[in-house]
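First up is the structure itself, then whatever we jot down about it.
Each reported figure results from applying straightforward, stated rules to the coordinates on display, with no laboratory input. Please read these numbers as outputs of a predicted model, since none were measured by experiment. FYI the Cβ positions are ideal-geometry reconstructions off the backbone, even for glycines, and counts take in every protein chain you see.
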Amino acid sequence: MSDPVSDDPLLDALVNRVLHGDRAALAEVFERYRDRLRRIVSFRLDPRIASRVDVDDVLQESYLNAEQRLQHVWREVNAGGMFVWLRLIVQQTIADVHRRHLAAQSRDASRERSIDSGPPGVSSASSMASWILGHMTSPSQAALRKELTAQLEGALADLGELDREILMLRHVEEMSNIEAAAMLGLSEQGASARYVRALSRLQQILTRIPGLVDRKTPG
């Protein structure tokens, strides 16, 4: 089985070796995808621990977890290919990191933590709002960004979890439609239709919020 989204014969050969349990090939494939996986960790890591958790450490832990599951790779790799398998392991590793660090933070500084700070991890509405407003970085924009974030998170909550997730997969994580479909358990046609509909709804949301009318919608 080769990676369905690859046009690289060398990468296909490496993936085939991984599927036969080759650890050296796994290291090479992981390195090929490192930049994409790094972007996922950076985006998904909870801000409450981002200053204390190194992204590269999370990637290293993810790689070790992938090594431990190498004997099961034939059963686990689906139609989305090797990247989706690695991305799933990274996602599970991030969840483990959140549980460890946020649980420790709760024990050590429970009085300092807001009671409405939410469960471990970052909600997709919060993540998406941060991504959309990421261009507002100057000191003069800080107050406006804070105000817009609250409005945008509320509006994005109406978008729906699956719609938010497919937009983030396609734009933030730069997944192909095939990869996004596999990640979400949808058919390729269903993922494509869901993405088009979600993008249209996002455009409508952005035009309704004052201050965002000049923001270029992902496309």
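Of 66, 102, 33, which is farthest on the positive side of the dipole of region 9-108, counting Cα position, with +1 on Lys and Arg Cβ, -1 on Asp and Glu Cβ, and the Cα centre as origin?
Looking along the dipole axis, the top candidate is 102.
Length gain on complete extension for the stretch residue 8 to residue 36, per 0.36 nm per residue less the alpha carbon to alpha carbon distance? Show your work: numbers first, answer last.
Details: separation 28, 0.36 × 28 = 10.08 nm, distance 1.66 nm.
Full-extension gain reported as 8.4 nm.
Per the Debye formula with a single identical scatterer at each Cα and no solvent contribution, what log10 I(q)/I(0) holds for region 9-108 at q = 0.16 Å⁻¹?
Reported log10 I(q)/I(0), two decimals: -0.67.
Calculated FRET efficiency, residue 50 and residue 146, Cβ-Cβ r, R0 25 Å, to nearest 0.05?
The pair residue 50/residue 146 has a calculated efficiency of 0.90.
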